[in-house]
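Chemist: Quick one: the structure is below, and I'll ask about it shortly.
The values are calculated or read from the model by the stated rules, or taken from the named source; none is laboratory data. Note that the structure is a prediction, hence the values are computed from the model and not measured. All Cβ positions, even for glycine, are placed from backbone atoms using ideal geometry, and neighbour counts span all protein chains on display.
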2 protein chains.
Amino acid sequence: MRVGIIGTGQLGWMMIIEGRKLGIEFNVLGSDRKAPASKVASYFYEDLDYRKFVDDSDVVTAEFEHVDPAALEYAQDKGKLFPNKESLDLKLERHLEKIYLKEHGIPVTNFHVANSAEEAIRISDEFDESILKTSKGGYDGKGQYRKKRGEKLKIDNNDQVFVVEEFFNYDFEASIIACRTKKGQIIAHRPSYNFNQDGILMYNYAPCDDFGMFEIAKKLMNSLNYTGVMGIEFFIRDGKATVNEYAPRVHNSGHHTLSGSSISQFEMHLRSILDLPLDTPRLFTHSGIVNIIGRGIDAGIIEQLLSISESKIYDYGKEPRPRRKLGHINLTAESPDELLQKISTAKKIIYPDSRIH
Amino acid sequence: MRVGIIGTGQLGWMMIIEGRKLGIEFNVLGSDRKAPASKVASYFYEDLDYRKFVDDSDVVTAEFEHVDPAALEYAQDKGKLFPNKESLDLKLERHLEKIYLKEHGIPVTNFHVANSAEEAIRISDEFDESILKTSKGGYDGKGQYRKKRGEKLKIDNNDQVFVVEEFFNYDFEASIIACRTKKGQIIAHRPSYNFNQDGILMYNYAPCDDFGMFEIAKKLMNSLNYTGVMGIEFFIRDGKATVNEYAPRVHNSGHHTLSGSSISQFEMHLRSILDLPLDTPRLFTHSGIVNIIGRGIDAGIIEQLLSISESKIYDYGKEPRPRRKLGHINLTAESPDELLQKISTAKKIIYPDSRIH
């Protein structure tokens with residue numbers, strides 16, 4: 001079996017590492033032969049060679065949604081693309097996703113769509129506080145502006161679609177890693193509590209109560225006729241779950257499934273797109289991660305982090321850059337308190353000068 | 001970091017898969033570019049290029065003990081070989097291992113050393129029942145002859161050293177996967193119950209009570225000044241552990257640590273030889289494996305095996321041959337009974353025509 005992965009980042013890298021046990025070979029499509037997934041793939045294909053890449057793969061999946069639509073279209077036409085192009089396309093423009101979710105009865109925050117920055121700023125005054133997001137190209141907190149009613153805001157690049165979301169004062173953030181098989185079976189990992197900072201996941205841990213997340217996942221995945229793993233981010237307030245956004249792929253908040261679970265999100269995704277049997281995962285113990293963002297992973301930090309009991313390091317092998325995800329540490333513990341203590345220790349090691357403790 | 005592995009079999013393959021997360025690159029030394037570890041290594045070196053292989057590696061380890069002594073010697077001279085050559089050399093001739101264990105106060109079965117088959121047959125009559133083993137080249141049950149007192153036995157190839165062991169009527173077999181760090185810290189996975197048939201491990205599961213195995217492991221590893229993971233096989237009778245043999249490497253009976261443990265034996269071995277921190281592993285749940293021996297792993301069997309809940313398949317990608325280990329299935333369960341049920345189901349799927357159920 002040969003699986004083609006569109007994208008060469010760390011999500012593809014972990015998918016390849018996790019899939020090797022099944023004897024799967026991996027093709028990757030991208031532009032960087034030194035990217036994480038390129039280095040462990042069986043075969044690397046340049047972006048422009050997407051036809052050969054698809055032809056040489058039994059199934060094709062994406063580890064990143066902002067990819068060449070021609071490659072997706074070609075893979076879909078060949079009946080090889082999982083999840084389908086529709087599920088990926090909704091992620092290319094934020095307003096399409098929001099409208100889709102709302103129209104399918106899935107709880108989302110109040111929002112308006114604006115056709116320019118000026119219009120977005122004007123509409124935003126309907127809400128006490130709002131977040132203006134460019135519809136295209138935004139992830140990891142990019143292209144987002146927070147604003148109170150009446151406040152002034154200057155946005156360059158006026159001519160684009162914005163989503164103006166009412167600021168949602170949630171109790172905490174959470175996510176679910178769900179999976180739908182080709183036969184329509186839906187299973188999920190236990191949800192996790194997530195802690196984002198400046199729009200990037202800093203750490204998270206499982207299990208978290210469900211708060212209706214699994215039902216929402218089922219509704220969304222069925223409506224999209226989805227195949228594969230999906231990560232869905234939620235705001236939880238007063239015990240109710242409101243969707244922030246979904247990711248049509250394996251997700252950073254599911255990396256904890258690499259430790260302490262009966263199956264990782266990566267193997268789960270592969271088994272679903274290859275039409276192999278799956279069952280509901282079991283979380284063996286309390287499990288979480290801390291992301292390593294914007295700083296190099298040197299021998300000193302590895303030594304310190306691995307000194308935390310039951311820790312594992314995933315070093316993506318990327319060049320350090322501000323706000324770039326370079327790795328993460330997996331942690332497991334016998335109780336939530338012990339796990340939070342370990343997470344705190346890891347954060348102090350990774351971010352010694354930061355307020356993020 | 002670059003780790004050199006002598007040998008290209010499935011043990012090296014799993015070590016590479018497990019080590020990728022740490023950003024390690026792997027060199028392998030062998031004769032077959034299509035062998036399991038060769039296919040996932042960063043660089044393959046032909047046996048004769050062992051000098052370059054060692055020079056290009058930060059540390060060197062072996063996944064198989066029957067290897068070119070020149071390569072081991074060169075690696076040891078460069079200060080890169082873990083575990084050391086002495087620990088590996090004892091495994092080249094069975095009588096050396098037996099004598100070493102006995103001289104170091106480690107409990108072994110009664111034995112004699114004979115310099116020919118004729119002498120072995122003669123000496124064997126001192127015991128009611130005995131097993132005659134060629135001193136060289138025996139593993140997975142090869143070169144072994146069972147004999148009762150007075151019984152006739154014909155052995156070709158007379159001129160070799162034999163170990164004549166008194167037949168030991170044990171209650172069951174067990175093993176421990178222990179690890180000694182460069183600083184002399186010794187930790188171990190919970191022992192497992194092992195079921196061998198015709199000298200090959202058929203299935204095993206953990207945890208098993210200790211019966212003194214950890215103390216024996218510590219004594220042996222300290223006396224050898226050992227670094228890395230060692231698998232030690234035991235006979236258990238009347239609650240006491242007697243050593244059958246040790247393996248100076250990761251071991252088939254430790255594959256269950258790939259599921260349901262806080263760390264696998266493979267990552268444990270890598271962390272110890274790279275002088276990275278380690279702590280005592282935690283077994284999250286009941287965990288076992290069934291070996292897939294001598295039969296092809298096709299889509300049908302994968303489909304059936306993965307239908308068992310909490311199962312994982314490791315497909316080594318080797319050509320089927322009688323008595324050849326081609327893969328294994330990992331199984332976890334909430335109770336020993338449930339695990340044994342799953343093991344039984346897996347055995348029926350893998351060996352439908354066999355008495356091994």
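Chemist: If only one of B:P322, B:P281 is out of contact with any Leu (no Cβ under 7 Å at 6 or more places or on another chain) and surrounded by 15 or more Cβ atoms within 10 Å (Cβ to Cβ), which one is it?
Modeler: B:P281
Chemist: Here's something else I'd like to know. How many residues does the range B:327-342 hold that are part of a helix (DSSP H, G or I), closer than 17 Å to A:D279 by Cα and either in contact with a strand residue (DSSP E or B) (Cβ under 6 Å, 6 or more places away or on another chain) or aromatic (F, W, Y) (or both)?
Modeler: 2
Chemist: While we're here: Looking only at residues in the range B:325-344 that are surrounded by fewer than 19 Cβ atoms within 10 Å (Cβ to Cβ) and among the hydroxyl-bearing types (S, T, Y), which one is nearest to B:G300 (Cα to Cα)?
Modeler: So the residue we want is B:S344.
Chemist: Taking the range B:10-47 only, how many residues are of a type in the set (G, A, S), within 24 Å of A:L326 (Cβ to Cβ) and under 19 Å from the mean Cα position of the chain (by Cα)?
Modeler: 1
Chemist: For the subset of the range A:328-344 comprising residues that are in contact (Cβ under 8 Å) with a residue 60 or more places away in the chain and closer than 30 Å to A:S38 by Cα, which member is nearest to the other protein chains (Cβ to nearest Cβ)?
Modeler: If we take residues in the range A:328-344 being in contact (Cβ under 8 Å) with a residue 60 or more places away in the chain and closer than 30 Å to A:S38 by Cα, then A:T332 is nearest to the other protein chains (Cβ to nearest Cβ).
Chemist: Say whether the condition of being under 29 Å from A:S311 (Cβ atoms), assigned by TED's automatic domain parsing to the domain that holds B:G254 and small (G, A, S) is met by at least one residue in the range B:300-315.
Modeler: Yes, the conditions are met somewhere in the range B:300-315.
Chemist: Given the criterion surrounded by fewer than 19 Cβ atoms within 10 Å (Cβ to Cβ), modelled with pLDDT under 90 and either in a loop (DSSP other than H, G, I, E, B) or among the small types (G, A, S) (or both), identify the matching residue among A:N158, A:N169.
Modeler: A:N158
Chemist: Could you check, for the range A:325-333, whether at least one of its residues is in contact with a helix residue (DSSP H, G or I) (Cβ under 6 Å, 6 or more places away or on another chain), of a type in the set (V, I, T) and modelled with pLDDT of 95 or more?
Modeler: Yes, the range A:325-333 has at least one match.
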